[in-house]
Amino acid sequence: MTPLDIKKLKKLAESKVVVGDNKKKIRVTSFTVTCAYLLSCAVKAEQPNCERVPFIFSVDCRARLDPPIPGTYFGNSVVSLLVIAKREELLGEEAFFKSVLGISEELNRIEGDVLNGADRWMPKIQSVMSERPRLFSVAGSPRFEVYDVDFGWGRPKKVDVTSVDKTGAFSLSETRDHSGGIQIGLALTKSQMEAFSTVFAQGLESLE
């Protein structure tokens, strides 16, 4: 996904998506619009056989704790957030906007108190998983700088997260040329990949 694609998706989301009772316009991030767009494309391509579609993504808690943990902290300070959408909503024309809204609302919910409701996290996830839905999730991050890793024989030419073949997650990383774009990885059946590629490309081409 190129920087221009991301910019257009942000503009589109900010023009239509509002959060809360006061109908406040949202400020979206590259991560939010990328995940929302991928989710909307994947659901249309895969046509999952479930009424509710769960999407799980991880959030860095270091700066959100009180007091915040320094960026040099070496340890696990990550929380998983769960967004649940109706299948019909993600198959419709408003799929991208519904996805952006769900992700944004979860991020807004943890601002100021990232550990609020921690005792209910796992029961909520387990309740959804008991329905045996198709679980969508994210692996990696554009901030991991995987293309800067050098074990002594130079920077990698291509990085893939092979676990997505089993988990069904989207993998995200920065692009090798550091252009500001996002490299996306996913593993689907041939027919699903063809459908996904078509929906993905047509959606981006339609952006102004």
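The values are calculated or read from the model by the stated rules, or taken from the named source; none is laboratory data. What you see is a predicted model, and the numbers here were worked out from it, not measured in a lab. Note that we place each Cβ from the backbone using ideal geometry, even for glycine, and neighbour counts take in every protein chain shown. Only protein heavy atoms, including side chains, enter the accessible area calculation; ligands, DNA and RNA are left aside. Shrake-Rupley method; radii C 1.70, N 1.55, O 1.52, S 1.80 Å.
Residue pairs whose Cβ atoms lie under 9 Å apart, sitting 6 or more positions apart in sequence or on different chains, and linking a residue in region 72-95 that is farther than 19 Å from Glu131 by Cα to a partner that is of a type in the set (D, E, K, R) and part of a strand (DSSP E or B), are Ser77/Asp60; Val78/Asp60; Val79/Asp60.
Residues that are open to solvent by 90 Å² or more (accessible area, probe 1.4 Å), at least 3 per element: which helices (runs of 4 or more DSSP H) completely within region 71-185 meet that?
Values: elements: 87-91, 95-110, 121-129, 164-167.
Here the list reads 121-129.
Go through the residues of region 192-208 one by one and say whether even a single one is of a type in the set (S, T, N, Q), surrounded by 17 or more Cβ atoms within 10 Å (Cβ to Cβ) and part of a loop (DSSP other than H, G, I, E, B). Scanning region 192-208, I find no residue that is of a type in the set (S, T, N, Q), surrounded by 17 or more Cβ atoms within 10 Å (Cβ to Cβ) and part of a loop (DSSP other than H, G, I, E, B), so the answer is no.
A quick yes/no check of all residues on (1) within 27 Å of Ala195 (Cβ to Cβ); (2) in contact with a Phe, Trp or Tyr (Cβ under 7 Å, 6 or more places away or on another chain):
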site: Ser30; (1), (2): yes, no
site: Lys44; (1), (2): yes, no
site: Ser77; (1), (2): no, no
site: Leu81; (1), (2): no, yes
site: Leu107; (1), (2): no, no
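Out of the residues in region 81-113 meeting the condition of being farther than 14 Å from Phe57 by Cα and touching an Asp or Glu at 6+ places or on another chain (Cβ under 9 Å), tell me which one is modelled with the lowest pLDDT. Across region 81-113, the extreme among qualifying residues is Gly112.
Every listed requirement among (1) in contact with a Leu (Cβ under 9 Å, 6 or more places away or on another chain); (2) within 18 Å of Gly140 (Cα to Cα) is met by Lys157 save one, (1). Only residues that are within 18 Å of Ala139 (Cβ to Cβ) and among the hydrophobic types (A, V, I, L, M, F, W, C) were counted across region 62-79, and they come to 2.
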